[in-house]
Amino acid sequence: MKFQTARRWLASAMLATSCAALVAPTSTHAQSDKLTRFILPVAAGSGVDTIMRASQKALSASLGTAVVIDNQPGAGGIVGTQALVKSAPDGATLSVVSNNHVIYPSVYKTLPFDPIKDITPIAVIGGSPMVLVVNPKVPARDSKELVALLKAKPDTLNYASSGNGTILHLAAEMFLDEAGVKAKHIPYKGVGPMITDLIGGQVDFGVLALPAIQAHLKSGALRAIGTSSKTRLAAAPEIPTFAEQGLPGYLVEGWFAVIGPKGLPAAEVKRINAAFASAFAIADVKDAMARQGNPINVTTPEAAAAFFVSEMDKYARLVKRAGVKLD
């Protein structure tokens, strides 16, 4: 499977994002005119973006600063993360990343940063359930029908992802591997354009975080085939798991975590970790997360650091299993 290089992605994506305006803060703390900028290495409308916007007001209050969300997508998240690692370690610039952060070393021969050594883990916040969806024109309403269609028409259906080597790419490849079928991969520069073309019918199916597609499932613009979770989702109990549909080995879950640049002082790490724990314990935020189906469990910085290392090892094995080649 051919991958575009990180350099080509970085050149185009940096040009596209260099002039992007920051999103205006939802709330400014009455006691401070300081800003906390969250560089999100994803496009607006993605799972991580949806989660951060739902908690933006609460985070502003718990951090004691205005919170600015700065979307910098590109190269599967490398563009935004590179901007984060280059920032000053003063707590004013942070990021929230997903599985992609620990997948990078397994799909790129070279990176402009070290995903472990060049960041400061602050907390794993929680998970994000993944759902395989199809354009309604695809004549399949469950996993068995989709697998039968893919077997009957090998390599004629295509699937979208948010970029080569991203968790959404790997999640789809894991489904194909588990089902023993093939489909053509169409990578996009982020979740937004991926969803647009899924709805438009330019691509047939894809795997996405539930928060990013909930509204489209309710409107009928997209159809859910199954969730890759162990059990049905409380936020969408009507969607069966793939285990229920004969693919018990297809299990993958997204997650999101807050990080800072390398060298962030321990006092700042502790302060930000406590602010996230406080914000995500607020009733309004908990309700928003429940509606999106996101299980929340804000970890300690030490647990986050250990988690990053174990996840990197896990995805190295999954990348190899999926046949993804280094680029």
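Considering only region 262-278, I want to know if a residue exists there that is under 18 Å from the mean Cα position of the chain (by Cα) and crowded, with 16+ Cβ neighbours inside 10 Å.
no
Which members of region 84-102 meet the condition of being outside any helix (DSSP H, G or I) and more than 9 Å from the chain's Cα centre (by Cα)?
Lys86, Ser87, Ala88, Pro89, Asp90, Gly91, Ala92, Thr93, Leu94, Ser95, Val96 - these are the residues of region 84-102 that are outside any helix (DSSP H, G or I) and more than 9 Å from the chain's Cα centre (by Cα).
Filter region 211-231 for residues that are in contact with a helix residue (DSSP H, G or I) (Cβ under 8 Å, 6 or more places away or on another chain) and farther than 18 Å from Ala172 by Cα and give the result.
Scanning region 211-231 gives Gln214, His216, Ala221.
Residues are listed down the side, and each one gets a yes or a no for (1) modelled with pLDDT of 95 or more; (2) over 18 Å from Ile125 (Cα atoms); (3) touching a His at 6+ places or on another chain (Cβ under 8 Å); (4) crowded, with 19+ Cβ neighbours inside 10 Å:
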site: Trp9; (1), (2), (3), (4): no, yes, no, yes
site: Ala13; (1), (2), (3), (4): no, yes, no, yes
site: Gly47; (1), (2), (3), (4): no, no, no, yes
site: Ser60; (1), (2), (3), (4): yes, no, yes, yes
site: Thr65; (1), (2), (3), (4): yes, yes, yes, yes
site: Thr81; (1), (2), (3), (4): yes, no, yes, yes
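Of the residues that make up region 103-114, is at least one outside any strand (DSSP E or B), free of Cβ contacts under 8 Å to residues at least 12 places away in the same chain, in contact with a helix residue (DSSP H, G or I) (Cβ under 9 Å, 6 or more places away or on another chain) and surrounded by fewer than 24 Cβ atoms within 10 Å (Cβ to Cβ)?
The first filter runs over region 103-114 and keeps only residues outside any strand (DSSP E or B), leaving 103-114.
Among the residues that remain, those that are also free of Cβ contacts under 8 Å to residues at least 12 places away in the same chain are: 114.
Filter once more, keeping what is in contact with a helix residue (DSSP H, G or I) (Cβ under 9 Å, 6 or more places away or on another chain): 114.
Pick out the ones that are also surrounded by fewer than 24 Cβ atoms within 10 Å (Cβ to Cβ) and you get 114.
There is at least one residue in region 103-114 that is outside any strand (DSSP E or B), free of Cβ contacts under 8 Å to residues at least 12 places away in the same chain, in contact with a helix residue (DSSP H, G or I) (Cβ under 9 Å, 6 or more places away or on another chain) and surrounded by fewer than 24 Cβ atoms within 10 Å (Cβ to Cβ).
Which of the residues that make up region 127-146 are more than 22 Å from Ile195 (Cβ to Cβ) and touching a residue at least 12 places away in the same chain (Cβ under 8 Å)?
Lys144
Spot the failing condition for Gly77; the list is (1) in a strand (DSSP E or B); (2) modelled with pLDDT under 95, and only one is missed.
Here Gly77 clears every test but (1).
Can you name the residue in region 140-162 that is at pLDDT 95 or above and polar (S, T, N, Q) and is also surrounded by the fewest Cβ atoms within 10 Å (Cβ to Cβ) among such residues?
So, considering only residues that are at pLDDT 95 or above and polar (S, T, N, Q), the one surrounded by the fewest Cβ atoms within 10 Å (Cβ to Cβ) is Asn158.
Taking the stated definitions as given, is Lys117 surrounded by fewer than 18 Cβ atoms within 10 Å (Cβ to Cβ), of a type in the set (Lys, Arg), out of contact with any Leu (no Cβ under 7 Å at 6 or more places or on another chain) and not assigned by TED's automatic domain parsing to the domain that holds Leu318?
No: the conditions fail for Lys117.
Test of understanding: among Ala290, Ala305, which residue is surrounded by fewer than 19 Cβ atoms within 10 Å (Cβ to Cβ), of a type outside the set (D, E, K, R), more than 30 Å from Lys109 (Cβ to Cβ) and under 19 Å from the mean Cα position of the chain (by Cα)?
Matching residue, one of Ala290, Ala305: Ala290.
Since Lys117 meets every condition but one in (1) more than 18 Å from Gly254 (Cα to Cα); (2) part of a helix (DSSP H, G or I), which condition does it not meet?
Every condition holds for Lys117 apart from (2).
Return only the number of the condition from (1) out of contact with any Lys or Arg (no Cβ under 7 Å at 6 or more places or on another chain); (2) farther than 15 Å from Ala43 by Cα that Pro89 does not satisfy.
(1)
Is there any pair with a first residue in region 218-236 that is under 18 Å from Asp197 (Cα atoms) and a second that is of a type in the set (Asp, Glu) and modelled with pLDDT of 95 or more whose Cβ atoms are under 9 Å apart and which are 6 or more apart or on different chains, and what are they?
Sorted first by the residue in region 218-236, then by its partner, the pairs are Ala224/Glu238; Ile225/Asp142; Ile225/Glu145.
Within region 286-302, count every residue that is closer than 25 Å to Leu170 by Cα and in a helix (DSSP H, G or I).
Final tally of qualifying residues: 2.
The values are calculated or read from the model by the stated rules, or taken from the named source; none is laboratory data. Since the structure is predicted, the reported quantities are computational estimates derived from the model, not experimental observations. Virtual Cβ from ideal backbone geometry, glycine too; neighbours counted across all protein chains shown.
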